[in-house]
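The values are calculated or read from the model by the stated rules, or taken from the named source; none is laboratory data. Since we're looking at a predicted model, the values are computed, not measured. Ideal geometry is used to build each Cβ from the backbone, glycine not excepted, and the neighbour counts take in all protein chains shown. What goes into the accessible areas is simple: the full protein's heavy atoms, side chains included, and nothing from ligands, DNA or RNA. Shrake-Rupley method; radii C 1.70, N 1.55, O 1.52, S 1.80 Å.
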Amino acid sequence: MAANVYASATDGGSGGEPAQTRSGTGVRTAGATIDCPDVGSRLTSVPEQARTEVDKELALLDEQIAKAYQRLSESAQQIQQDSGFADNAIMNPLKEKRGATLERIAIAIDRVGDRPEGLDALAACTVRDSGNQAPEQGEGQDGSGEEQPGQEQDQGGQEQGNGQGQGQGNNGGQAGNGPVAADFADITSVQPNVNSPRQQGNASRGTFATSCGVNENGLFNSDNIIAAPGVTNGAHHFHDYVGNQANNAFASDQDLANAGTSCDDQGDKSSYYWPVLRVQNGTQEQDANSPGGGIEGNAGAIVTPKQVTLDFVGNPRDKVTAMPRLLRIITGDAKAFVNGTANANASWSCTGFEDRQLKDKYPLCPKGSDVVRSFKFQSCWDGRNIDSANHRTHVAFADASGACPSGFRPIPQLVQRIVYDVDAPSLKDGGRTTPLFAVDSFPEQLHKPVTDHGDFINVFDEDLMGEMVDCINDGRKCGAGAEAEPGEKPGEKPSQEPGAGEEPSEEPTKTPEAPQEQPTRTPDAPKDGNAGGKPGDTGNDGKDEASNPPATDKPAPEPEPSDSPADETEAYATPSAKSGEQGGSKDGTGEDSDGLGQSQAVGTATSAAATPAAPPRTEPQAVGSGNLADTGAQLWPAAAGAVLVLAGFVVLRRARRS
């Protein structure tokens, strides 16, 4: 079966070219991948005394899969010649190695607790179609015969000059294991899909922003201190790090506490990290010939973010409590391509289009618009543990209304937004004209966008954490990364806005001016309002900027929240016709309060519905009566009559005296 899947997935390429081509990294393009049960996610209860040993064995399972995938990718010829090669030489040995490792995990747990049952059933893996195989001749990039989003771009056929022939008809990326054209989608073809929960009376509406740079220090490694402590290359892909400067697989809690930080506020020594983004342009990075880098299919130039914003926001129902020091949170799933999307949690979009979020595609952004990558971390804590055996069960997501699960309490929610200045790749020629881009991943995960993930370790000073909680619960905008609204000072409580159940102000409704993103700017938009995928498309039926009402500095009164969750999409995210503008509510940093197009904590929930008109008021007489000359023309008869009446009184009085 493995031979049939692998052979069919790699048989033939576009125009009759072989689908598997050797890249400079030694990895062959393949249309198959290895699917193994994720043992770590199923070990929800491991005694504390056994965790160190179990974590190392789990990391060994990942290493075994990576090596088996590499062997599979390089064995196309043998597999096609011998139908039993994949099973005999790759899959059966992998099963045996996994079985031995799983037994060691069971023994380690059994020493200090109850032996887990059923681990041996998780040893077997399968070879399955990756979806990365080449299209048949004459077909589109997804095999449908139709052009995919982004294929309308200029295709000059120009080689990148890296000698690796990106794509080579199979569209397998520089290192041969992704991405492919089907991993991208034109953001302008995506419908707005952002909703936000309605805030209630006890909501914590503030935001605390910390500023920690964009990893201009160039701090990278392929470790993962949360999931694989004490294991070099535990992640099998490179991470960007901001904040704590001591993060590696061997850093102790004391090392983290004593380390320097890239954050402006030195009281924040937290570690924020995520897989690097690479442009697959043939550049040989520092890890080109290393595990975690080129050897495992993570190739190309590492892109330094243009902007990183780190906001902590509140809960739409309740006040938040402080995070415990050294709390660890992983959001997203690095193995979501084979595990399924239950834990997937990254979002992709473009500046100017952030009301449209993609979960399983990279965005093709219009010219001048930047790629935006966002994470909303878990915002509920069990009140006891700073970590758990599977690194998930000690924290949880709030439900659609903002309620935490039973036994959990709201904590400040980290919202991370990363902006990149990368061009939309040319998909028709497999990235030859404009190179493909992708996040680093485990080799068998094929750089799929759904595998994106972020990691956080809280190393805030306790006093600063207390300030954060007070700020968020008081509804203020605070922190080293915060920017005050016009007329406000950082840390001040914003002017009271009408919340759920409150009447809107009686002042005339005015359209608020959308604040500029800082420092990222979106492109100057065309003024024809077309839907053809240009930046700044407003859906304004072809009307240009002049058709929009003039903006003012005064925000509109907030409408009464709708009872329908579908109506509670955030108004800010609708692309504006002005460069870099997005209408609606922003927090004091100039960014969305949640980075994903959802305003969970700052101010009250906004609605995409039209703002209700202000109650009718009695206007001054001159209003609506024309200009001053018109008003004078209407008053002179009354003045003449008054003069005549006075003259009559004078005559009458003289007559009486006489």
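For region 67-84, what are the residues that are part of a helix (DSSP H, G or I) and open to solvent by 70 Å² or more (accessible area, probe 1.4 Å)? Full working, then the answer.
Applying the first criterion (part of a helix (DSSP H, G or I)) to region 67-84 yields 67-73, 76-81.
Of everything in region 67-84, those that are part of a helix (DSSP H, G or I) and open to solvent by 70 Å² or more (accessible area, probe 1.4 Å) turn out to be 67, 71, 77, 78, 80, 81.
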Exercise for the section: Exactly one condition in (1) in a loop (DSSP other than H, G, I, E, B); (2) touching a Gly at 6+ places or on another chain (Cβ under 8 Å) is not met by residue 305; state its number. Expected result: (2)
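With respect to residue 103, is the statement that it is open to solvent by 30 Å² or more (accessible area, probe 1.4 Å) and either more than 22 Å from residue 119 (Cβ to Cβ) or of a type in the set (Phe, Trp, Tyr) (or both) true? Spell out the reasoning first.
Working: open to solvent by 30 Å² or more (accessible area, probe 1.4 Å): yes; either more than 22 Å from residue 119 (Cβ to Cβ) or of a type in the set (Phe, Trp, Tyr) (or both): no.
No: the conditions fail for residue 103.
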Practice task
Kindly indicate whether any position in region 391-398 is surrounded by 24 or more Cβ atoms within 10 Å (Cβ to Cβ) and within 24 Å of residue 461 (Cα to Cα).
Solution key: yes
Fill in the blank from the handout: Counted residues in region 306-328 being crowded, with 24+ Cβ neighbours inside 10 Å and either at positive phi or in contact with a Leu (Cβ under 8 Å, 6 or more places away or on another chain) (or both) come to 3
Fill in the blank from the handout: Pairs returned, first residue in region 367-391 that is on the phi > 0 side of the Ramachandran plot, second residue that is aromatic (Phe, Trp, Tyr), beta-carbon separation under 8 angstrom, 6 or more apart or interchain, are 383/408
Problem - Failed condition for residue 289, given (1) under 25 Å from residue 228 (Cβ atoms); (2) in contact with a Ser or Thr (Cβ under 7 Å, 6 or more places away or on another chain); (3) modelled with pLDDT under 95 - result: (2)
Practice task
Spot the failing condition for residue 455; the list is (1) within 30 Å of residue 254 (Cβ to Cβ); (2) open to solvent by 20 Å² or more (accessible area, probe 1.4 Å); (3) not aromatic (Phe, Trp, Tyr), and only one is missed.
Solution key: (2)
Exercise for the section: Could you please find all residues in region 172-197 being among the hydrophobic types (A, V, I, L, M, F, W, C) and outside any helix (DSSP H, G or I)? Expected result: 175, 180, 184, 185, 190, 194
Exercise for the section: Just name the residue that is farthest from residue 306 (Cα to Cα) out of those in region 348-383 that are open to solvent by 10 Å² or more (accessible area, probe 1.4 Å) and of a type in the set (A, V, I, L, M, F, W, C). Expected result: 381
Fill in the blank from the handout: Residues in region 172-202 that are closer than 14 Å to residue 401 by Cα and either within 20 Å of the chain's Cα centre (by Cα) or open to solvent by less than 10 Å² (accessible area, probe 1.4 Å) (or both) total 4
Practice task
Exactly one condition in (1) touching a helix residue (DSSP H, G or I) at 6+ places or on another chain (Cβ under 7 Å); (2) hydrophobic (A, V, I, L, M, F, W, C); (3) crowded, with 22+ Cβ neighbours inside 10 Å; (4) over 30 Å from residue 52 (Cβ atoms) is not met by residue 288; state its number.
Solution key: (3)
Exercise for the section: Can you give me the number of residues within region 233-258 that are open to solvent by 10 Å² or more (accessible area, probe 1.4 Å) and without any contact (Cβ under 8 Å) to a residue 40 or more places away in the chain? Expected result: 9
